[in-house]
């Protein structure tokens, strides 16, 4: 496992994910590891063929989401990742946990660094935990980073 040469760090562009990114960057600098920044957008479910609804542009909507995400990923690499860290971004579409694990495997990650959002109670029950599912499914070690308490 050590030294770590490849780190995958998912982001949903939230402050907790940026906190995890900081930790991933520190590890990448320490080990001289490459970083893969991953963002996953949920797929738009197919709409039923109903003549009462006229919804056009699903492909354009998904393309706009992808373009926006790719731009944000490039900005994060430029602004938040130290210049000495070799970094690249990956955009995925689908279930967040499944796609993060698949991206880590595809990229040959030796470590996934992921934030938790700190949801408990009904929010955890309703929204579930992407980080929890990643921990269960990943083939490599997963470091979970809790958001700072205010």
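The values are calculated or read from the model by the stated rules, or taken from the named source; none is laboratory data. Model, not experiment: these values are computed from the prediction. Methodologically, a virtual Cβ is constructed for each residue, glycine included, from the backbone with ideal geometry; neighbour enumeration extends over all protein chains shown.
Here is how the numbers come out for the structure above:
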{"item": "Residue in segment 22-41 that is farthest from the chain's Cα centre (by Cα), counting only those that are surrounded by fewer than 24 Cβ atoms within 10 Å (Cβ to Cβ), farther than 17 Å from residue 133 by Cα and touching a residue at least 40 places away in the same chain (Cβ under 8 Å)", "result": "29"}
{"item": "Residue within segment 93-111 that is over 24 Å from residue 4 (Cα atoms), touching a helix residue (DSSP H, G or I) at 6+ places or on another chain (Cβ under 9 Å) and modelled with pLDDT under 90 present", "result": "no"}
{"item": "Every pair of residues 6+ apart whose Cβ atoms lie under 6 Å, when the first sits in segment 91-120 and is within 18 Å of residue 14 (Cα to Cα) while the second is at pLDDT 95 or above and in a loop (DSSP other than H, G, I, E, B)", "result": "112/138"}
{"item": "Which listed residue is closer than 13 Å to residue 113 by Cβ and modelled with pLDDT of 95 or more, from 37, 73", "result": "37"}
